[in-house]
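Okay, structure first, notes after.
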Amino acid sequence: MSRIHRLSTRLANQIAAGEVVERPASVVKEVLENSLDAGATRIDVDVEGGGSKLIRIRDNGSGMDAQDLPLALARHATSKITSLEDLERVGSLGFRGEALASIGSVSRLALTTNSADGGSEGCSAICEGRDMEVQVRPAPHPQGTTVEVRDLFFNTPARRKFLRTEKTEFNHLEEVVKRLALSRFDVGFSLRHNGRVIHNLKPGVSDAEKQRRVATVCGPAFMEQAIYVETDLPDFRLWGWVGLPTFSRSQADLQYFFVNGRVIRDRLIAHAVKQAYRDVLYHGRHPAFVLYLEVDPGQVDVNVHPTKHEVRFRDGRTVHNFIFSSLHRALADVRPADQLAENVVAADDGGTINTATGEISSQGGLAWGAPSQGAGGGFGGYQPTGRPPVGGAMEQVSSYGQLHPPANQPGLPEQGAAEDVPPLGYAVAQLKGIYILAENAQGMVVVDMHAAHERITYERLKQSRDTDGIRSQPLLVPQSVAVSQREVEVAAAHAELFERLGLAIEVGGEESLLIRQIPVTLRDSNVEQLLRDVLSDLIEYGSTDRIEAHLDEILSTMACHGSVRANRRLTIPEMNALLRDMEETERSGQCNHGRPTWTQLSLEELDKLFLRGR
């Protein structure tokens, strides 16, 4: 066996680079975090060849002095922490002091900086992999820092072989820029690839500017289908945007979660979000969200992952419950009126700005039932020659109405009473015994009457259960379950939780539990497997909703069979009553299985179908 010896500086740095520098995107992440820690308000990223040929990042941060430059490229040298107490309360994005050294060991690195405010006399440091010999020389540069990384992995051919195509590597790199752009609205970002501008994001301070950046990064469709969430507690603050259940994704590719400005991927948080969407999301789909959690830095440990993508909370169970309850309540409170609200803010010139799309408009909205009168007095101001005037056409329509008098039904409000119109409007007709057609202030509403009534019935069954409590029945012969000693300890510690959910669990031995009582609605279920799943959740996350989920599944089935079926003819008053119930019911936008219950067709969308206005 070989004798123990110290590794060379070059080899040690390349081993560290294997953890920190996985691909070009890793380089961009580390350097951008340094720029943000330096107080930059503008960061420009220029890459070539997907980042493998060139990465140039320039910021206007505080910069560095000439004497600090060699240390910046040395391992475990940093200005961000000085003691163990600082490490336990990290407030910066970077703190280990090994990123630049790791990058320099596998690339040709040039770092130019200037700390003088208003001066141009900077300095430059060059490092090309070998033995990390740093060459420092004077160089002109405004205040800030420029990091230039060329020929990534030029001295480690094995690592270079594992790089993907240029397009794939750039997609990873672009995703890093997007994440950091969402983490700091007050910083401007630009990204260029092979000389072409990909993103140019201006700093944003106001709510409208923040929403515009989210729409730019995540797409206008997300902002149009998202709700704003904000919950404040003495120890936590959660805010951001969550997509409606109808705006679900086939992959978890539109999920951004930030803890104190740091983007993370954490199983605890992912479970809390998934649990909040459990009752409204279609099977196999993933929610979309951009969320920010603010917590005391002393309550979170960011030094648990080489790339700092994961964190550990001091009280994970409390954080989990806080995130779940905040999102669960926010999703439950969504009503049709909230979904019909437009994403517009007032502009200085009297017009409006759509914060979802960035579109600026100066045109006012239409009154309920009022035609848009143009300069020519007709609809939209267009009077084609050789056609009968609008007045003549309206007379013809009136004559048709006299031939077929309308049935007795509640009339629509008069002109100008749009504020009196309910969000889902008034029923007009029933289509094929399946859909309800209604008219509201925006246009036409189409409702799946079975799906809508199913959700209403389901929510009422849950309210009845919560009011009356969960009925339980004792087992004639207690059921013994073989478990581990750890699971026995967890079951004993959460005895009150099981009792509240209708389960009576007793310790039968060091590695066994006895089920003495179960909820009545679960008498035909596999209670033993359910108990094992519950204990697994309690060990992993500190909380569980499996029993509630199982009970809800049974109530959902009952609601499905007890709801109005297709091909049943409803009267106009019955349809209007269903619409009013939908407006008051929690989560009425989705049925029990996560499918949408209604959709809106605006007047603009209807006009496009018939090519009106062209």
Fill in the blank from the handout: Those residues of the range 533-565 that are open to solvent by less than 40 Å² (accessible area, probe 1.4 Å) and either at negative phi or aromatic (Phe, Trp, Tyr) (or both) come to a total of 17
Handout entry: Residue list for the range 446-503, restricted to those being in a loop (DSSP other than H, G, I, E, B) and either among the aromatic types (Phe, Trp, Tyr) or open to solvent by less than 60 Å² (accessible area, probe 1.4 Å) (or both)
Key = Gly469, Ile470, Val483, Ser484, His494, Leu501, Gly502, Leu503
Practice task
Report yes if Phe222 is over 17 Å from the mean Cα position of the chain (by Cα) and either farther than 24 Å from Asp59 by Cα or among the hydrophobic types (A, V, I, L, M, F, W, C) (or both), otherwise no.
Solution key: no
Problem - Residue within the range 428-443 that is in contact with a Phe, Trp or Tyr (Cβ under 9 Å, 6 or more places away or on another chain), open to solvent by 30 Å² or more (accessible area, probe 1.4 Å) and touching a residue at least 60 places away in the same chain (Cβ under 8 Å) present - result: yes
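One line per residue, one yes/no per condition, for (1) open to solvent by less than 70 Å² (accessible area, probe 1.4 Å); (2) closer than 20 Å to Asn171 by Cβ:
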{"residue": "Ser2", "(1), (2)": "no, no"}
{"residue": "Val45", "(1), (2)": "yes, yes"}
{"residue": "Ser52", "(1), (2)": "yes, yes"}
{"residue": "Ser62", "(1), (2)": "yes, no"}
{"residue": "Glu85", "(1), (2)": "no, no"}
{"residue": "Val90", "(1), (2)": "yes, no"}
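Being open to solvent by less than 50 Å² (accessible area, probe 1.4 Å) and without any contact (Cβ under 8 Å) to a residue 40 or more places away in the chain narrows it down to one of Ala125, Ala77, so name that one.
Values: Ala125 fails: without any contact (Cβ under 8 Å) to a residue 40 or more places away in the chain.
Of Ala125, Ala77, the one residue that is open to solvent by less than 50 Å² (accessible area, probe 1.4 Å) and without any contact (Cβ under 8 Å) to a residue 40 or more places away in the chain is Ala77.
Matching residues to (1) open to solvent by 50 Å² or more (accessible area, probe 1.4 Å); (2) outside any loop (DSSP other than H, G, I, E, B); (3) at pLDDT 95 or above; (4) among the hydroxyl-bearing types (Ser, Thr, Tyr):
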residue: Asn321; (1), (2), (3), (4): yes, yes, no, no
residue: Leu331; (1), (2), (3), (4): no, yes, no, no
residue: Gln339; (1), (2), (3), (4): yes, yes, no, no
residue: Val345; (1), (2), (3), (4): yes, yes, no, no
residue: Gly350; (1), (2), (3), (4): yes, no, no, no
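In the range 135-155, which residues are assigned to a loop (DSSP other than H, G, I, E, B), among the hydrophobic types (A, V, I, L, M, F, W, C) and open to solvent by 50 Å² or more (accessible area, probe 1.4 Å)?
Phe154
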Problem - Residues of the range 60-91 classified as part of a loop (DSSP other than H, G, I, E, B) and closer than 22 Å to Glu310 by Cβ, total - result: 7
Practice task
Check whether at least one residue in the range 27-43 is assigned to a loop (DSSP other than H, G, I, E, B), under 17 Å from Thr145 (Cβ atoms), of a type in the set (S, T, N, Q) and in contact with an Asp or Glu (Cβ under 8 Å, 6 or more places away or on another chain), and report yes or no.
Solution key: yes
Problem - Count of the range 97-121 residues which are buried (at least 20 other Cβ atoms within 10 Å of the Cβ) and assigned to a loop (DSSP other than H, G, I, E, B) - result: 4
Exercise for the section: Evaluate the following for Gly94: is it in a loop (DSSP other than H, G, I, E, B) and either more than 27 Å from Val300 (Cβ to Cβ) or touching a Pro at 6+ places or on another chain (Cβ under 7 Å) (or both)? Expected result: no
Handout entry: Residue identified as of a type in the set (Lys, Arg) and more than 30 Å from Ile269 (Cβ to Cβ) among Arg587, Arg612
Key = Arg612
Handout entry: Leu268 vs. criteria on the phi < 0 side of the Ramachandran plot, exposed (fewer than 15 other Cβ atoms within 10 Å of the Cβ) and touching a residue at least 40 places away in the same chain (Cβ under 8 Å)
Key = no
Fill in the blank from the handout: Of the residues in the range 504-531 that are open to solvent by 70 Å² or more (accessible area, probe 1.4 Å) and within 36 Å of the chain's Cα centre (by Cα), the one that is farthest from Ser472 (Cα to Cα) is Gln529
Problem - Single unsatisfied condition, Pro157 versus (1) in contact (Cβ under 8 Å) with a residue 60 or more places away in the chain; (2) out of contact with any helix residue (DSSP H, G or I) (no Cβ under 6 Å at 6 or more places or on another chain) - result: (1)
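Scan the range 160-169 and give yes if some residue there is in contact with a Gly (Cβ under 6 Å, 6 or more places away or on another chain) and either under 20 Å from Pro70 (Cβ atoms) or not in a helix (DSSP H, G or I) (or both), otherwise no.
No, there is no match, as no residue in the range 160-169 is in contact with a Gly (Cβ under 6 Å, 6 or more places away or on another chain) and either under 20 Å from Pro70 (Cβ atoms) or not in a helix (DSSP H, G or I) (or both).
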Exercise for the section: List every residue pair whose Cβ atoms sit under 6 Å apart, with the two residues 6 or more apart in sequence or on different chains, where the first one lies in the range 558-586 and is part of a helix (DSSP H, G or I) and the second, anywhere, is surrounded by fewer than 16 Cβ atoms within 10 Å (Cβ to Cβ) and not hydroxyl-bearing (Ser, Thr, Tyr). Expected result: Ile572/Gln409
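The values are calculated or read from the model by the stated rules, or taken from the named source; none is laboratory data. Note that the structure is predicted; figures quoted are calculated from it, not measured. Cβ sites come from the backbone with ideal geometry, for glycine too, and all protein chains shown count toward neighbours. In case anyone asks, the SASA skips ligands and DNA or RNA and just uses the protein heavy atoms, side chains included. Shrake-Rupley method; radii C 1.70, N 1.55, O 1.52, S 1.80 Å.
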